[in-house]
Amino acid sequence: RELLDMEVKAKAWRPPWYERHVQPCLAELLGTALFIFTGVLAVVEDAGHTGRLQPALAHGLALGTAVAVLGDI
């Protein structure tokens, strides 16, 4: 009877250390690498006198593509 009268409190669920620490760091690393790669490639492959427009469009299109592909995650 005593066992039934006690309230059992469940421990709050915590994600594993990998999901808390490693996954955010890997996501940041891959995102930064994507934007550095597209920015450098846009500057190196200059199509004429586009100035700042080409790197800006490259970053914008890369961001739009990433959101469209990974937006549901």
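Here are a few things to note about the model shown:
For (1) part of a loop (DSSP other than H, G, I, E, B); (2) at pLDDT 80 or above, each residue gets a yes or a no:
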residue: LEU4; (1), (2): no, no
residue: LYS11; (1), (2): yes, no
residue: ARG14; (1), (2): yes, yes
residue: GLN23; (1), (2): no, yes
residue: LEU34; (1), (2): no, yes
residue: GLY48; (1), (2): yes, no
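- For the range 50-73, residues that are open to solvent by 80 Å² or more (accessible area, probe 1.4 Å) and assigned to a helix (DSSP H, G or I) total 9.
The values are calculated or read from the model by the stated rules, or taken from the named source; none is laboratory data. What you see is a predicted model, and the numbers here were worked out from it, not measured in a lab. Ligands, DNA and RNA are excluded from the accessible area calculation, which covers all protein heavy atoms including side chains. Shrake-Rupley method; radii C 1.70, N 1.55, O 1.52, S 1.80 Å.
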